[in-house]
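Below is one structure; the comments refer to it alone.
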Amino acid sequence: MATVLITGANRGIGFELARGYCARGDSVLACCRNPATANALADLAESNAHVEVHALDLAKPATISKLAGTLTGRTIDVLINNAGIQGPAMGEQSLAKMDYEGWAEAFAINSMAPLRVLQAFLPNLKASGMGKAITITSQMGAMALDWPMGYAYCASKAAVNKVMRLASVELATRRKWRSR
Ligand SMILES: NC(=O)c1ccc[n+]([C@@H]2O[C@H](COP(=O)([O-])OP(=O)(O)OC[C@H]3O[C@@H](n4cnc5c(N)ncnc54)[C@H](OP(=O)(O)O)[C@@H]3O)[C@@H](O)[C@H]2O)c1
């Protein structure tokens with residue numbers, strides 16, 4: 001059975017992933033900003049010994065290193081960068097009106113934090129021997145989709161697509177060199 005780390009596991013897609021993996025018998029390291037208020041996750045952990053709840057706030061990089069320290073030596077087979085934000089209100093991320101501070105926040109959470117998380121848990125994934133890193137993106141980040149949607153959200157998802165593509169190429173190259 002696999003060990004799966006999921007960010008933003010207290011609600012939405014992250015919570016459903018946590019539920020799905022633990023229903024299959026996998027171990028889930030369910031991360032959320034505030035475990036004290038993550039009631040659904042607490043119930044899941046209460047009824048399933050393979051679910052651990054951990055604090056992780058992507059806006060606070062120190063919490064990423066703290067959790068990496070806590071999980072040192074533990075194998076992670078699947079890392080799911082799921083947590084994400086929309087950024088500014090939809091009316092405030094367009095050509096007509098842009099909340100630049102909100103855009104920077106969306107970029108920090110949606111584009112930069114997934115790389116920080118991948119870097120922090122790379123040793124755990126390597127320990128698996130077949131570790132997989134997954135980042136939940138959005139079709140809104142696709143260059144081919146020309147819907148006039150929020151600039152900040154769309155740009156942050158396009159950026160994380162590129163970041164993860166670069167990381168995947170680098171990791172594949174490193175593996176090729178190691179196997180020679
Ligand atoms: N729903 C869709 O239709 C859809 C479509 C395409 C892509 N996506 C992507 O799928 C992912 C999950 O979407 P969702 O619909 O499940 O979103 P959601 O219901 O809004 O949940 C977002 C999750 O991210 C967490 N989060 C936000 N900021 C965080 C931070 N600073 N540190 C740690 N966790 C943080 C939230 O925690 P809190 O509860 O503490 O806020 C929550 O657990 C996102 O990356 C989203 O962009 C969603």
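Are any of the residues in segment 142-155 under 30 Å from GLY73 (Cα atoms) and in contact with a helix residue (DSSP H, G or I) (Cβ under 9 Å, 6 or more places away or on another chain)?
Looking for residues that are under 30 Å from GLY73 (Cα atoms) and in contact with a helix residue (DSSP H, G or I) (Cβ under 9 Å, 6 or more places away or on another chain), one finds none in segment 142-155, hence no.
Quickly run through segment 132-146 and pick out the residues that are in a loop (DSSP other than H, G, I, E, B), more than 16 Å from the chain's Cα centre (by Cα) and either surrounded by 13 or more Cβ atoms within 10 Å (Cβ to Cβ) or within 11 Å of the ligand (Cβ to nearest atom) (or both).
ALA142
Assuming THR7 fulfils every condition listed in (1) closer than 22 Å to SER111 by Cβ; (2) among the hydroxyl-bearing types (Ser, Thr, Tyr); (3) surrounded by fewer than 21 Cβ atoms within 10 Å (Cβ to Cβ) apart from one, which condition is it?
The single condition THR7 does not satisfy is (3).
Could you tell me whether any residue of segment 101-118 is out of contact with any Phe, Trp or Tyr (no Cβ under 9 Å at 6 or more places or on another chain), in a strand (DSSP E or B) and either within 15 Å of the ligand (Cβ to nearest atom) or at pLDDT 95 or above (or both)? Break it down stepwise before answering.
Applying the first criterion (out of contact with any Phe, Trp or Tyr (no Cβ under 9 Å at 6 or more places or on another chain)) to segment 101-118 yields 101-102, 104-105, 107-109, 111-118.
Filter again for in a strand (DSSP E or B), leaving none.
Within segment 101-118 (the criterion being out of contact with any Phe, Trp or Tyr (no Cβ under 9 Å at 6 or more places or on another chain), in a strand (DSSP E or B) and either within 15 Å of the ligand (Cβ to nearest atom) or at pLDDT 95 or above (or both)), the answer is no, since none of the residues qualifies.
The values are calculated or read from the model by the stated rules, or taken from the named source; none is laboratory data. This structure is a prediction, so every number in the text was calculated from the model and none was measured. Counting neighbours? That spans all protein chains shown, and the Cβs are built from the backbone with ideal geometry, glycine included.
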